[in-house]
Amino acid sequence: MAEISYNEDLQPNLRGRAVVLTGGAQGIGAATVRMFQTAGAHVIFGDWAADKGRSLEAELTSGQSAEAGNVHFQQLDVRDYSSQVALFDLAHQKYGCVDVAVSCAAVGEPGGWFEPKVLDLESVRKEPLPIKNAIDINLTSVISFCRIALAYMSHDITSQPNGGMLRRDHEDTFSKSIVLVSSIAGITEAPGLFAYSSAKHGVIGMMRALRPWAPTRYNVRANAICPWATDTQLLAGVRERWVEEKLPMNQPEDVAKMILQSAADSNMNGKAIFVTGGRGFDTEEGYDRTLPQWMGEQNARMFSKGQEILGLGDDWT
Ligand SMILES: NC(=O)c1ccc[n+]([C@@H]2O[C@H](COP(=O)([O-])OP(=O)(O)OC[C@H]3O[C@@H](n4cnc5c(N)ncnc54)[C@H](O)[C@@H]3O)[C@@H](O)[C@H]2O)c1
């Protein structure tokens with residue numbers, strides 16, 4: 001299994017970088033904002049929870065060390081395309097570039113779609129709306145995020161007046177990247193998480209679509225982070241049992257480290273990092289390597305040929 005370790009030595013790569021992040025007001029997103037700032041990156045983060053976002057910004061900007069980066073909060077609802085554009089605009093206004101883009105905002109299972117427990121001909125007549133919201137937040141907005149990120153990441157405004165604020169070390173080796181936060185529920189079966197799991201599988205699909213294409217077309221890498229149980233409010237419903245059974249539990253900082261690692265390591269592209277008990281493992285490596293086993297050798301050979309014909313998709317989609 002391919003373990004991914006957090007490498008302190010790569011973190012100076014992040015110094016002076018402009019990072020855009022959604023869902024940063026609490027939990028994993030907030031831990032990631034803090035960690036990027038400590039690494040000397042400038043973080044422009046958005047969240048629909050304005051009070052929490054502003055208070056995190058206030059906390060991180062008061063008495064920050066000289067080595068730390070700047071932090072800016074802007075309220076956004078990821079379902080609103082133009083408010084995502086506005087977040088990237090803010091990064092361009094402040095720093096003239098976007099180097100790292102992290103999509104972290106999400107909501108849990110909305111419920112009401114496959115309940116009451118036994119669906120009947122009466123309950124099924126009415127379409128419950130919350131599921132559309134959840135898919136919009138957890139998947140559609142992620143696709144929008146990637147689209148917007150690619151445009152901004154490939155259009156640095158080098159002549160903007162405060163460009164001098166950016167201090168970049170290791171300029172020669174750094175490459176820009178998108179980091180998408182999926183979930184273990186984006187890789188495996190997840191009973192009861194009908195909408196959440198569908199969306200998170202979709203996020204892995206988006207990362208895989210970007211993997212061969214974005215580095216070639218935009219010089220941008222893409223990776224996904226797939227946390228298992230992480231101690232945030234999203235886990236509240238099952239936390240007690242989890243602790244009782246002594247199952248592995250991440251702290252938000254453990255997941256944040258994998259996000260920073262994906263951003264800092266210019267060789268990392270196309271990985272889906274399963275994070276469990278504070279450790280990270282690339283699940284794509286095994287998935288790709290064992291293709292002939294689960295698809296069948298003959299099928300795998302034909303499939304690889306088909307993939308070559310499909311190429312980057314430009315000629316036929
Ligand atoms: N906690 C876990 O066990 C776990 C496991 C797997 C994956 N994840 C993923 O990690 C990421 C972070 O989750 P978390 O555990 O920190 O949960 P969290 O609820 O603490 O954080 C999610 C953040 O997203 C924000 N958000 C939600 N909808 C939004 C919207 N429409 N617009 C803007 N902001 C919005 C929330 O306000 C919140 O700040 C999510 O993508 C989640 O699916 C978490």
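The values are calculated or read from the model by the stated rules, or taken from the named source; none is laboratory data. Everything numeric in this text was worked out from a predicted model, so none of it was measured. Every residue, glycine as well, gets a Cβ built from its backbone with ideal geometry; the counts of neighbours run over all protein chains shown. In case anyone asks, the SASA skips ligands and DNA or RNA and just uses the protein heavy atoms, side chains included. Shrake-Rupley method; radii C 1.70, N 1.55, O 1.52, S 1.80 Å.
Ranked by the mean number of other Cβ atoms within 10 Å per residue, highest first, peptides 258-271, 200-213, 64-77 order as 258-271, 200-213, 64-77. Expressed as a whole percentage, what fraction of the accessible surface of segment 111-152 belongs to carbon and sulfur atoms when a 1.4 Å probe is rolled over the protein heavy atoms? Carbon with sulfur: 63 percent of the solvent-accessible area. Solvent exposure of segment 2-310 amounts to 49 Å² per residue of accessible area, where only protein heavy atoms count and the probe is 1.4 Å. With the cut-off at under 18 Å, measuring from each backbone N in segment 205-228 to a point 7 Å along the Cα-to-Cβ line of Tyr287 picks out 205-215, 221-228.
Using 0.36 nm per residue and subtracting the Cα-Cα separation, the extra length available between Ser5 and Ile157 on full extension is 51.4 nm.
From most to least packed by mean Cβ count within 10 Å, the peptides 33-39, 55-61, 300-306, 143-149 give 33-39, 143-149, 55-61, 300-306. Kirkwood radius, segment 88-155, all distinct C-alpha pairs, inverse of mean reciprocal distance: 14.7 Å. Measuring from a point 7 Å past the Cα of Ala236 along Cα-to-C-beta, which residues in segment 40-70 have an amide N at less than 18 Å? Taking a point 7 Å out along Cα→Cβ of Ala236, the residues of segment 40-70 whose backbone N falls under 18 Å are 48-53. Dividing the alpha-carbon radius of gyration of segment 126-285 by the rule-of-thumb value 2.2 N^0.38 Å gives 1.17.
Spacing of the modelled spin labels on Gln93 and Leu129, each 7 Å from Cα toward Cβ, amounts to 3.2 nm.
Computed extension length for Thr188-Leu121: 21.1 nm, one decimal, from 0.36 nm per residue of separation with the Cα-Cα distance subtracted. For the listed residue pairs Lys200/Lys246; Lys52/Lys271; Lys94/Lys176; Lys176/Lys271; Lys132/Lys200, the alpha carbons are over 22 angstrom apart in Lys200/Lys246; Lys52/Lys271. Distance from the Cα centroid of segment 1-23 to that of segment 182-242 is 18 Å (rounded to whole angstrom).
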